[in-house]
Amino acid sequence: MSAPQTNIEKQHRRHRGPIVGMIVVVLGVGLGYLWWVSYEVAQSNPPQGSETQIDGRTGEEVAPTY
């Protein structure tokens with residue numbers, strides 16, 4: 001069964017607000033997620049001894065090259 005009276009323009013006007021609202025919510029959640037990830041990365045502690053490099057073949061410490 002199809003709808004007895006379909007008025008595309010009327011439906012377009014009625015659905016514009018909810019669709020814009022959904023887009024705003026999705027963008028807000030995406031920006032919040034990116035903010036949260038960047039905050040966590042900025043607050044993290046780097047691994048201890050990250051300046052020391054180990055030669056994979058011999059297991060000896062190698063002086064870092066800058």
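Every number here is computed from the coordinates shown, using simple stated rules; none is lab data. These numbers were taken from a predicted model, which means no experiment stands behind them. A quick note on method: Cβ atoms are made from the backbone with ideal geometry, for glycine too, and the neighbour counts reach across all protein chains shown.
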* Measuring from a point 7 Å past the Cα of residue 26 along Cα-to-C-beta, which residues in the range 1-15 have an amide N at less than 13 Å? -> none
* **GluC sites (Glu not before Pro), loop per DSSP, at most 11 other Cβ atoms within 10 Å - longest free stretch of the chain** => 1-50
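With 17 Å as the cut-off, how large is the P(r) tail for the chain, expressed as percent of Cα-Cα pairs?
When every Cα pair of the chain is considered, 72 percent fall beyond 17 Å.
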